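Everything below concerns the one structure shown next.
The values are calculated or read from the model by the stated rules, or taken from the named source; none is laboratory data. Keep in mind that what you see is a predicted model, and the values were worked out from it rather than measured. Please note: Cβ atoms are built from the backbone with ideal geometry, for glycine as well, and neighbour counts cover all protein chains shown.
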Amino acid sequence: MIFKMFPAAELEDLFALLAVNRIIGPISKGLNKDGHELFDFDHVTDFSHLKIAYTQTIHSAKKFCLPHHEETSTFTFTGDDWQKEVDFGAHQPLVLFGLHPCDINSLNKLDKVLMDSIYPNPFYGAKRQNMLIIGHSCTPQPACFCQSMGTDTVLAGCDLFLTLLGDDYFAEVHSSRAYHLLEQLDCWEPGAKDHARFRASIEKRSDSFTNTVDTSDLTKILDMEFASQVWQQWGERCLSCGTCAQVCPTCYCYGIEEKVDMDLSRAVKNKQLYSCNLIDFAEVAGGHNFRPESHTRLKYRYYHKHRGFVEAFEEALCTGCGRCGTSCLAGITVPEVIASVRGGSHDA
Amino acid sequence: MKLSCDIDVKHLTRVEGHGNIKITIKNGKVQEARWEVVETPRFFEAMLVGKNFENAPYICGRICGICSIGHTLAAIRTVENGFGMKPSAQTAKLRLLLKHMETLQSHILHVYFLAAPDFLGVGSVLPLVKSHPDVVQRALRLKLLANDICDEVGGRRMHPTRTVVGGFTMLPDKYALGQFKSRLKNCLGDLVASAELFKTFVFPEFERETEFVALKGEGDYPFIDGDLISTDGICKAEYDYLTMTNEYMDEYSTSKLSKLSRKSFAVGALARFNNNYDFLEQTAKDIAEMLDLRPVNHNPFMNNVAQVVECVHVVLDSIRLIDELLGTEYGPERQEVTPKAGLGVGAVEVPRGILYHCLEFDAEGRIKRADCVIPTSQNHANIFHDIEDLARFCVEQGKTDKETELLAEMLVRAYDPCISCSVH
Amino acid sequence: MTTKQTFLGVNVPKPRVAFFELSSCEGCQLQILNNEATLLDFLSMVEIVTFREGMTEKSDEYDVAFVEGCITRKDEEQRLLTIRKNAGLVVALGSCACFGGVNQLKNRFNDLNWVKKEVYGDHPIDTQEAKPISTLIDVDLEIYGCPIKKEEVEDIVVNLILGKSIDHPKYPVCMECKAKSNICLFDLGEPCLGPITRAGCDAWCPSSRLGCWGCRGPAPEANIKQLLHICNEREIPMERVMDRLECFGGFSESIEQLRRTEGR
Amino acid sequence: MTHKLTTKSISSKKGYTAKEQDIAFFEYSHKAEITNIYPLTANEKLYQVQIIDPDDRAAFSFKPGQFVMLELPGIGEAPFSISSSPTRHGALELCIRAAGNMTNFLDRTSRGTKVGISGPFGTSFPVEDMEGDDILLLAGGLGIVPLRAPIMSVLENRSRYGRVDIIYGAKTPSDLLFKYQYEMWKQFDINLDIIVDKGDSEWTGPVGMITEIIKRRVAEASGDDFKHRTSAIVCGPPVMFNFVCEILNHTGLPMEKMFVSLERRMHCGRGKCCRCNIGSTYTCLKGPVFDYWSVLNLQEAI
Ligand SMILES: Cc1cc2nc3c(=O)[nH]c(=O)nc-3n(C[C@H](O)[C@H](O)[C@H](O)COP(=O)(O)OP(=O)(O)OC[C@H]3O[C@@H](n4cnc5c(N)ncnc54)[C@H](O)[C@@H]3O)c2cc1C
Ligand code: SF4
Ligand code: SF4
Ligand code: SF4
């Protein structure tokens, strides 16, 4: 891999180089009731709005390739016949500026199921292919457990990854696009001293994780504890509100609804991201519901992420970003749920 | 001369709420001429008792779907007056802008959808879709603009969500405001066309002298804030509203009625026009001139014309407000609220006239007693007496039953009564 | 129903539609006029035969009756029974018709005489407890909201005409709120009934940073117990939560239960 | 100098997306015409559906047990088992019960209606692997629909199979599907047993539980014959196949030789919407046909 260094102050120049494109990056959404700043990804037109030292965004960046709502096709009716039109919806390339490792890895995970398996999803693919991603190092937060999920570092999935070392950036160059971009900055080749600085920084970061999940043999344990009481206890707390799946960077399930215009001349097929925690997720014709109780749905979410996906792709469908636990009003967090399941039928 | 007539309109149409008209004429003498309000009362004043102040704007807004913004703003003003708070200049501007757009959407709805069909000889706006498509499209365009601005400033066009005691939960997007400004400028053409349409309508030459009550302008045409005045020369402070409204009950009405210097008085667009003509924007005055409306006008049918004039005024004033808002940095959206025991009164000019809320609080800001005086209930007695006079007028003019019935209906509609609101 | 339109070669009706109002603010009806952009399409898709707020003509022959408002007087019961008799389909329009709406707030005193006296003094006035229309007649369809969401009504009417099933969202408002990338009101220290309220409004209030007041009633299997626990944890006064729960009548069962069990 | 990105066309790292038409496959559907509709019972009709483009029609092939997604524009899209012979190109046959939104509207359509078809999707019954075996086809209710394709496959290659039994249970005689074919099936030397939960005045056949007939059939086999020579396909409501598979399991029939077809809600049929997942397995990709061993390993399958 090619590494470069450049002064941190030149981040603005990098931004400026890309500013002809639509840039998505972390911005401030104001303060919460305790005075902590809230962040989210949004369009950034002015470098001063970019909060590159952000902690964690409320929502993930998946909405830019997997929007909550999407028109997958439209029909126009003439007489009794119809025409269908499909628009995959990649109208403008995007620059994602400042993604943390967990969020880059979440896109890699989504790629596996949405692009690199049978029946790739072109709606996702079209947008995903048209992204330039600039990763940025982070400071582990109390809710983060990406280290346990093996997603705390980035091996692929971005064009450029920047680690802040004091007043300089250590840049991992993952694509030729990024290489050419860096040519426009005052870069230098990192030397042994820079490498040492980099190593010290990642070691320090590694040591600063406070939250962990034990994933060893988790697929088997989940099968063993399928009937565990623990699920019921979590189920009682769950609001079945779908918040966890909405903020999760790796949840992708959806529902389809077709809508006819009022003059009956046009119809659209709408896709809406869904959540397996919602009561009618597994309801079928005739009204039978395969998962009528809240705990069965909550359990399914863990099954899909930590068992089924592992079976299919040899990794869990969770990056340990901690968003679901942070957003869940009932305080249901992945580390606690998994610890309680591993602990057998102990108290949740 | 007309000798006998029997008119019994049950649940008058194209008005908000339920009211009846009854006119009986025998041997050329009016035996009975009545405006009855039969709306079911909902008891908002009782509902509010025991509730925390936070509920007041939210619940009061539900008094009326058409002027929910006015009710919400009146309740907020009442709470703020009660707690001794003063809205920031920014909040005041945004509230007035919101108020203006409610006035615009309500007036357009009234003049085009409820009143105009009578002048064009049809029963509703539906036939006009085919016969006068440009008129209907114009009305929809104007209403859409007003409602879109309400959405942006108030959160939604009906039962607003962003308006709270102390200010706003969220401020409108400045870019959107800029867009609205150009749409407002563009809509002036539609308003002139509306005036020209009204110029072609024949208004009955019916007059009855009455008293007109409105907020008192201090430099501008007032909607929020100001003393209470009447064309009979009365002037009172806002908190003194009870001596301005003097509510009483009678057997024909589930709504309360009001009086001041005479047996009845009127509020609304015509009342505001008659009291505050001087403060209208010049273009609005020009439009009034073109439509032969001059203060003090005593023809109740001319209330429709006054509404058209006000539409012009509020659009121009809104452009000014947006300019001011765009010209300054936004300050905080909302101020801290500290409840206080005491009494608050809030008067706001809503489309149909002056609206009063009065709330009494305990030290925690819980409501101990509530009173709401609605413009339409202030107008009821005036409508009642107008109907009597109109019946006599019809006898003299030898109008047929049908003509009399239509004129009586048009008369009530001219007030744009909000009956469910008046009964609340 | 008169058949005038086809879709995919299938005859679909152009229903005769009537609007009625009992005790209400008439806002829900107004919401239908409030969709200026599609109003004309709406008017051509159905045949409006009675709409007192907007037209003089009226008819007793209609397929679909939209009834706004709740019952608070004897004469309204009579009108409602007639509507039921005339209509093929009765639709409860808005939270007043579905749950009693704000009007049912007067019921909470359990003392109609006090209520009457508070407002009208000794003047005689006729009123009874505010009740949703389903307490008197069979209701075929309920459209929730205070006010109703006009787009939702339009979708429902299209589906009615096509004979598609009408499925209200079964998930709570949070789903829609998150989809709009809003900041959660609880993060701002405000209460919100979003986690237990039926969605469909597109998180109208939370999108304006106003916590949900529950105007659409409970989502199926709303976890109210957990919501109260959440508010408690965040030191949100129970009074504020109760104010919202009882505001529109949708949660009346839970409120009663809460009053009984916790003596609130 | 600025860096303006240009929009790339879609491609993917792995082979799947190399061809443009594969990409399009996702939202692409063949336009098809309903050429014929036969009412079978009060709620079920047989629809013959023909892909309009002749080349696409010729290229469309499927295996017994697979399903298609049928779309009525503006109304809805849902999965349906293909109920016709896999070897016959031309019209696909779908037997559909009016159960919900889209199926009720479909019920109101008439010949000539244009629909969208995509697929075929999912796993199939391995009828070729079953050659040489006695075949046991067990259907409850609408379960006869997905069975019809394997039945036809077996009939078309009748000589390659041993004894063939169809055991079919329905609620009442009026719920029986494909009555007009029973005689034909019998002519192909098939033992057809039909049983209903509740008879009517004209019903002369047996009344009772399908399990009784299955038990009798198992008992008729001598020694270990049954477990060594039989392949079974079971389709029906979960309760039914639970009981049936239990009986078959008891005989020692290897679980890999018992097949079931499972139904779940599906919004895509392509392993993306997650609605059909059982435990964490996609019914649309790994199913709908599963062998019994896999079913036992799926949490919450039954
Ligand atoms: C592999 C497979 C093969 C199949 N083969 C056949 C076949 O050959 N023949 C056949 O008749 N059927 C078959 N089915 C079943 C068929 O797919 C369903 O009956 C069909 O999906 C019904 O579609 P619908 O649009 O008519 O029903 P829907 O309108 O989808 O409704 C069905 C039920 O789903 C629920 N529901 C729907 N929408 C919602 C919502 N928005 N919110 C909450 N609940 C909702 C309701 O309970 C409703 O009663 C098969 C299913 C699968 C998975
Ligand atoms: S499951 Fe939770 S922690 Fe894991 S990726 Fe999703 S939001 Fe992050
Ligand atoms: S604001 Fe309300 S609706 Fe939105 S996520 Fe929070 S609790 Fe749910
Ligand atoms: S957010 Fe709540 S109160 Fe607001 S409209 Fe939606 S359901 Fe009603």
Please determine, by comparing only the residues of segment D:257-281 that are without any contact (Cβ under 8 Å) to a residue 40 or more places away in the chain and of a type in the set (Gly, Ala, Ser), which one is nearest to ligand 1 (Cβ to nearest atom).
D:Gly271
Pick from segment B:141-183, criterion at the interface with chain C (Cβ under 10 Å from one of its Cβ atoms) and β-branched (Val, Ile, Thr), ranking: farthest from C:Asp202 (Cα to Cα):
B:Val164
Among the numbered conditions (1) in contact with a Pro (Cβ under 7 Å, 6 or more places away or on another chain); (2) under 26 Å from D:Ser153 (Cα atoms), tell me where D:Asp200 comes up short.
(2)
Scope segment B:72-124; condition outside any helix (DSSP H, G or I), touching a residue at least 60 places away in the same chain (Cβ under 8 Å) and away from chain C (no Cβ under 14 Å); matching residues:
B:Phe83, B:Gly84, B:Met85, B:Pro87, B:Ser88
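Each row is one residue, and each column tells you yes or no for (1) surrounded by 17 or more Cβ atoms within 10 Å (Cβ to Cβ); (2) away from chain A (no Cβ under 14 Å).
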position: D:Ile214; (1), (2): yes, yes
position: D:Val218; (1), (2): yes, yes
position: D:Asp225; (1), (2): no, yes
position: D:His228; (1), (2): no, yes
position: D:Phe259; (1), (2): yes, yes
position: D:Arg264; (1), (2): yes, no
position: D:Cys274; (1), (2): yes, no
If a residue has to be facing chain B (nearest Cβ under 10 Å), among the aliphatic types (A, V, I, L, M) and part of a strand (DSSP E or B) to count, how many in segment C:3-60 make the cut?
2
Among what's in segment C:207-234 and is in contact with a Leu (Cβ under 6 Å, 6 or more places away or on another chain) and within 14 Å of chain B (Cβ to nearest Cβ), pick the residue that is nearest to ligand 4 (Cβ to nearest atom).
C:Cys212
Condition check: modelled with pLDDT under 90 and not acidic (Asp, Glu). Does C:Lys85 satisfy that?
no
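Every residue, every condition in (1) surrounded by fewer than 17 Cβ atoms within 10 Å (Cβ to Cβ); (2) at pLDDT 90 or above; (3) more than 8 Å from every other protein chain (Cβ to nearest Cβ); (4) within 17 Å of A:Phe97 (Cα to Cα), yes or no:
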| position | (1), (2), (3), (4) |
| --- | --- |
| A:Pro26 | no, yes, yes, yes |
| A:Asn32 | yes, yes, no, no |
| A:Val44 | no, yes, yes, yes |
| A:Thr55 | no, yes, yes, yes |
| A:Ala61 | no, yes, yes, yes |
| A:Phe75 | no, yes, no, no |
Of the residues in segment A:151-185, those that are in a strand (DSSP E or B) and β-branched (Val, Ile, Thr) come to A:Thr163, A:Val173
Here are some residues: D:Phe290, D:Phe243. Which one is assigned to a helix (DSSP H, G or I), hydrophobic (A, V, I, L, M, F, W, C) and either crowded, with 22+ Cβ neighbours inside 10 Å or in contact (Cβ under 8 Å) with a residue 12 or more places away in the chain (or both)?
D:Phe243
Is it the case that C:Ala203 is more than 14 Å from ligand 1 (Cβ to nearest atom) and out of contact with any Gly (no Cβ under 6 Å at 6 or more places or on another chain)?
yes
Only one of these is buried (at least 21 other Cβ atoms within 10 Å of the Cβ) and more than 18 Å from the chain's Cα centre (by Cα): C:Lys164, C:Lys150, C:Lys180. Name it.
C:Lys164
Would a scan of segment D:176-190 turn up a residue that is within 16 Å of ligand 1 (Cβ to nearest atom), in contact with a Gly (Cβ under 8 Å, 6 or more places away or on another chain) and not β-branched (Val, Ile, Thr)?
no
Restricting segment A:297-322 to residues that are assigned to a helix (DSSP H, G or I) and surrounded by fewer than 17 Cβ atoms within 10 Å (Cβ to Cβ), which is nearest to the chain's Cα centre (by Cα)?
A:Phe313
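With respect to A:Ser228, is the statement that it is small (Gly, Ala, Ser) and within 13 Å of chain D (Cβ to nearest Cβ) true? Explain how you work it out, then say what you get.
Values: small (Gly, Ala, Ser): yes; within 13 Å of chain D (Cβ to nearest Cβ): yes.
Considered against the rule, which asks whether it is small (Gly, Ala, Ser) and within 13 Å of chain D (Cβ to nearest Cβ), A:Ser228 comes out as yes.
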Can you confirm whether A:Gly157 is within 14 Å of another protein chain (Cβ to nearest Cβ) and within 21 Å of A:Tyr54 (Cα to Cα)?
yes
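Listed here are the residues, each with its yes/no results for (1) within 12 Å of chain D (Cβ to nearest Cβ); (2) among the polar types (S, T, N, Q); (3) in contact (Cβ under 8 Å) with a residue 12 or more places away in the chain.
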| position | (1), (2), (3) |
| --- | --- |
| A:Tyr254 | yes, no, yes |
| A:Asp261 | yes, no, no |
| A:Leu264 | yes, no, yes |
| A:Glu283 | yes, no, no |
| A:Pro292 | yes, no, yes |
| A:Tyr300 | yes, no, yes |
| A:Tyr303 | yes, no, yes |
| A:Glu311 | yes, no, yes |
| A:Glu314 | no, no, no |
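So which of B:Lys402, B:Lys368 ends up being among the basic types (Lys, Arg) and touching a residue at least 24 places away in the same chain (Cβ under 8 Å)?
B:Lys368
Yes or no, residue by residue, for (1) without any contact (Cβ under 8 Å) to a residue 24 or more places away in the chain; (2) surrounded by 23 or more Cβ atoms within 10 Å (Cβ to Cβ):
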position	(1), (2)
A:His68	no, no
A:Asp81	yes, no
A:Lys84	yes, no
A:His100	no, yes
A:Asp103	no, yes
A:Asn121	yes, yes
Residue check for C:Lys149: at pLDDT 90 or above and more than 21 Å from A:Thr243 (Cβ to Cβ)
yes
